[in-house]
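The values are calculated or read from the model by the stated rules, or taken from the named source; none is laboratory data. Note that the structure is a prediction, hence the values are computed from the model and not measured. When we count neighbours, we look across all protein chains shown, and the Cβ atoms used for this are built from the backbone with ideal geometry, even at glycine. When the accessible area is computed, the model is the full protein with side chains, heavy atoms only, and any ligands, DNA or RNA have been set aside. Shrake-Rupley method; radii C 1.70, N 1.55, O 1.52, S 1.80 Å.
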Amino acid sequence: MDPTEKIVSLTKRRGFIYPGSEIYGGVGGIYDYGPLGVLMKNNLKQLWWQWMTLDHEDIVGIDGAIITHPKVWAASGHVKGFVDPLTECKKCHHRFKADDIDGQICPDCGGELTAPKNFNTLVPTELGVIEEEKVKTYLRGEACQTIYLNFKNVVDSTRVKLPFGIVQIGKAFRNEVTFGNFIFRLREFEQWDLQWFTRPEDMAKWYDYWKQARMDWYSSLFNHPENLSFHQHEKLAFYAQKAFDIQYQGREMEGIHWRSDWDLGRHSQFSGQDLTFEGLIPHIVETSGGVDRCFLFLLLDAYAEEGERVILKLHPRIAPVKVAVFPLLANKPDLVAKARDIYRHLKTQLHLSTIWDDRGNIGKRYYAQDEIGTPWCVTVDFQTLEDHTVTIRDRDSASQIRLPAAELDTYFTNRLK
Ligand code: GAP
């Protein structure tokens, strides 16, 4: 089976990702995150947010709305420029992105293809209840636009000075012509964006800085950073003067865009508001990544089969569950009571995502945790009742150590640093 198929099956079976509206037959390109998926996605977003806003000076965050004034998308250039040329086979009527097709012949049946036609990928929506008063607008086609819309608000309400950054994690919507490949190309997805505002003469310096900093950040999360690479765009989006992607195994994960003064200039022009700051329209370096894509690539990177074991070797800070606690035997009340004390303590005092399991034999419990990427399993056995020590089993090495239960807090806190 292809690795993505294994991930699709595992993530559905164990509650990471479900097809959207599945009981009604699903909606193409839309997925929901389940109980483990939401934990992992939140961990990931929190790491990104902390790295951006705590590990750097001069970066502030916002959380903008999905629905904006309709003029935004004319000003941004998306109404005109956000198009996918599409071609259709005259025989089997399958549709393809013209950019993906080499030649005039349908890759599915060999039929003749129509000339490419442009389709706008913005998702329209309407606001208002009275038919004649309805206002047509669009769901956010790229999250970053709300950062530009709030540029003036941020500089007026904070103490930022050039250069500085505004970050946001938020949903974006696109009527992708060819969606699919699980959560790789979605019609509703999440982006994490930095817009770094600077003077034009400093653009080259900052572009190189952010390009490398983002690559270093991703490299610290992946077990196999050798699968990450840069790809320079020859065909540029309408807003970009220079663009590199960070790719995982040749597939785009994040774009580093030299947006210059295009965005603030256009919004200044269309809104009639003065968006100059410190005497000029700031220029922008953008780092714009797909949260869902990063999620998928991390799963592919973490997936391993060792004998009978399927393991998700996720970075402990990303793993949805940090610790599983087991009583060696479920029918021994002393063991269960002691294990439950430890479980409750880790969950409610140390605030660690902790799971309880007392089903089946201990080997099966370990395997079940390996498959969801839980880095550590704590087992309470008969020796615990005598000397208050427990075993800690490590996911990746499958080896065990014994520690006083009282030292668990320090142990996990250090391991999660
Ligand atoms: N603001 C710039 C921008 O939106 P983009 O290259 O179109 O640039 C940035 O998107 C990132 O968003 C991509 O690198 C990708 O990770 C993610 N992305 C874009 N379209 C996506 C889709 N249909 N499904 C999932 N992620 C997507």
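The alpha-carbon of residue 97 sits under 12 angstrom from the alpha-carbons of these aspartates and glutamates, leaving out residues fewer than 8 places away in its chain: 84, 88, 176. State the Cα centre-to-centre distance between segment 136-165 and segment 350-417 in whole Å. That distance is 45 Å. Principal-axis analysis of the Cα atoms of the chain puts helix 362-372 at an angle of about 10° to the longest axis.
3J(HN,Hα) couplings calculated from phi for segment 263-271 with the Karplus curve 6.51 cos²θ - 1.76 cosθ + 1.60 (θ = phi - 60°) are, in sequence order, 6, 5, x, 5, 5, 4, 5, 6, 8 Hz; Gly and Pro show x. Report note on the peptides 275-282, 310-317, 140-147: ranked by the mean count of other C-beta atoms within 10 Å, highest first, their order is 140-147, 310-317, 275-282. Of 126, 252, the order by accessible heavy-atom surface (1.4 Å probe, DNA, RNA and ligands excluded), from most exposed downward, is 126, 252.
The long axis of helix 291-302 is offset from the longest Cα principal axis of the chain by roughly 40 degrees. Taking 0.36 nm per residue of sequence separation and removing the Cα-Cα distance, the residue 23/residue 240 pair yields an extension gain of 74.0 nm. For the chain, the mean residue ellipticity at 222 nm estimated from helices alone is -9000 deg cm²/dmol, where every DSSP H run of n ≥ 4 contributes -39500 (n - 2.57) and the total is divided by all residues, rounded to the nearest 500.
Only Cα pairs under 8 Å and at least 6 apart count here; give the relative contact order of the chain as a rounded whole percent. Result for the chain is 12 percent. Working from Cα positions, state the angle (0 to 90°, nearest 10) between the long axis of helix 203-221 and the longest principal axis of the chain. The helix 203-221 is inclined about 30 degrees to the chain.
For the chain, the cysteines with no partner cysteine C-beta closer than 4.7 Å are 144, 294, 377. Between 134, 45, 161, the Gaussian network model of the chain with springs among Cα atoms under 10 angstrom shows the greatest mean-square fluctuation at 134. Approximating the spin labels as points 7 Å out from Cα along Cα→Cβ, the residue 359-to-residue 58 distance works out to 5.4 nm.
Listed by chain and number, the lysines placed with their C-alpha closer than 22 angstrom to that of residue 322 are 12, 41, 45, 313, 338, 347, 364, 417; residues fewer than eight positions away on the same chain are left out.
Taking one quarter of the surface of the C-alpha convex hull of segment 323-416 gives a mean projected area of 5.4 nm².
Solvent exposure of residue 133, expressed as accessible area, is near 120 Å², computed with a probe of 1.4 Å over the protein chains only.
Here's how it looks for residue 303: its modeled amide H is under 5 Å from those of 313, which are all 5 or more places away or on a different chain. For segment 187-301, the fraction of 1.4 Å probe accessible surface lying on carbon and sulfur atoms is 47 percent.
Accessible surface of residue 220, taken over heavy atoms with a 1.4 Å probe and every protein chain present, rounds to 70 Å². Between segment 43-103 and segment 249-294, the alpha-carbon centres lie 12 Å apart.
For the residues 209, 33, a 1.4 Å probe over the protein chains yields an accessible-area ranking, largest first, of 209, 33.
Counting only protein heavy atoms and using a 1.4 Å probe, the accessible area of residue 125 comes to about 40 Å². Counting 0.36 nm for each residue step from residue 12 to residue 330 and taking away their Cα separation leaves a gain of 111.7 nm.
For the set 207, 18, 24, solvent exposure ranked by accessible area (probe 1.4 Å, protein chains only) runs largest to smallest as 24, 18, 207.
Near the amide H of residue 310, within less than 5 Å, lie no amide hydrogens of residues on another chain or at least 5 residues away, with H placed in the peptide plane. Accessible surface of segment 323-416, 1.4 Å probe: 53 percent of it comes from carbon and sulfur atoms.
Mind running the shape call on segment 122-276? Use the C-alpha gyration tensor, a ≥ b ≥ c as the square roots of the eigenvalues: rounded below 1.5 for a/c, prolate if a/b tops b/c, oblate otherwise. In terms of gyration-tensor shape, oblate.
Heavy atoms of the protein chains alone define the surface here; on that basis segment 323-416 has 48 Å² accessible area per residue at 1.4 Å probe size. Computed from phi, the 3J(HN,Hα) profile of segment 245-258 under the Karplus parametrisation 6.51, -1.76, 1.60 (θ = phi - 60°) reads 9, 9, 10, 10, 6, x, 10, 5, 10, 8, x, 10, 10, 8 Hz, with x in place of Gly and Pro.
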